[in-house]
Amino acid sequence: MKEEPTNDKTQHLDTEGYRQFVEQQKIKEALKKQIESRTDITELNVDALSQAELIRIVKQLERRKVDAQSKLHGTEQSLNSTAKEVAKLQDAQKMYQTEFELRDRKRGTTRMQR
């Protein structure tokens, strides 16, 4: 039997590439957080800002507003669909409960007749 040589160099490159990818993702996230936190509205001195900076902040706030509205809309839809599912399940539960009660009554009357 002939053993196939394992290519350790290829495996090393794959893991190294993956590590680099993960590091890049971490860096991107950190940069994204820095950019978002750079404009903390609660600590802004509006008088010291230029018109261009104010416009940039307004646009950023509008994007945040749209994102929040979108997230709220999605959450509302999810809650509505969940509420509908719960209502259907409750209706089914009532139906089965009624069916069981009717069966129990029938069994009780047939036992008494015997």
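The values are calculated or read from the model by the stated rules, or taken from the named source; none is laboratory data. This one's a predicted model, so the numbers in the text were calculated from it and none came from an experiment. Glycine gets a Cβ as well: all are built from the backbone with ideal geometry, and neighbour counts include every protein chain shown.
For the range 21-43, taking the residues that are modelled with pLDDT of 85 or more and among the polar types (S, T, N, Q), the one that is farthest from the chain's Cα centre (by Cα) is identified as 24. Please enumerate the residues belonging to the range 44-72 that are hydrophobic (A, V, I, L, M, F, W, C) and either assigned to a helix (DSSP H, G or I) or under 23 Å from the mean Cα position of the chain (by Cα) (or both). Result: 46, 48, 52, 54, 55, 57, 58, 61, 66, 68, 72.
Condition first: outside any helix (DSSP H, G or I) and either surrounded by 10 or more Cβ atoms within 10 Å (Cβ to Cβ) or at pLDDT below 90 (or both). Can you find one or more residues in the range 75-84 that meet it? I'd like the intermediate steps shown before the answer.
We begin by selecting, within the range 75-84, every residue outside any helix (DSSP H, G or I); these are none.
No.
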